[in-house]
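Take a look at the structure below.
The values are calculated or read from the model by the stated rules, or taken from the named source; none is laboratory data. Everything numeric in this text was worked out from a predicted model, so none of it was measured. Don't worry about glycine lacking a Cβ; one is built from the backbone with ideal geometry, like all the others, and counts go over all protein chains shown. Calculation scope for accessible area: heavy atoms of the full protein, side chains included, ligands and nucleic acids excluded. Shrake-Rupley method; radii C 1.70, N 1.55, O 1.52, S 1.80 Å.
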Amino acid sequence: QVQLVESGGGLVQPGGSLRLSCAASGSADRIYFAGWYRQAPGKQRELVAGITTSGITTYGDSVKGRFTISRDNAKNTVYLQMNSLKPEDTAVYYCNARTVTMAHWGQGTQVTVSS
């Protein structure tokens, strides 16, 4: 089993920055892919960014050039640096970690971009 704890959400003005963190415990060494998804009210959950154990990254089209995902394997932690935030980035952000057997989810952290 893998447990995920997210932190770093909050309220920020348009154009501002936030950094989300997702710390994994349990069978964290079995994670081959970790990522961030988000879900806004009335919308489907979508992939924001993901990173493999070898460091290959992928991003959703709407965040390319603004968000950066990274990982610290020694700390079993994945980060999402979000810059140039827009009101449309407002959503609950969920950490996701995949092992061979299943996908694990964090509890979610609210990000609100508003003036």
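Observations
- Taking the protein heavy atoms of the chain in the context of the full set of protein chains, the accessible area attributed to carbon and sulfur is 49 percent at 1.4 Å.
- Chain lengthening between Leu47 and Tyr32 when straightened (0.36 nm per residue, less Cα-Cα): 3.8 nm
- Mean accessible surface per residue for the chain, computed with a 1.4 Å probe while every protein chain stays in place, in Å²: 53
- Cβ-placed point charges (K, R +1; D, E -1), dipole of the stretch 13-115 about Cα centre in debye, nearest 20: 20
- P(r) of the stretch 49-115 over all Cα-Cα pairs, binned every 5 Å from zero, in whole percent: 4, 14, 24, 27, 18, 10, 3, 1, 0
- Candidates Ser54, Ser62, Ser21: whichever shows maximal mean-square fluctuation once the chain is modelled as a Gaussian network with Cα springs under 10 Å: Ser54
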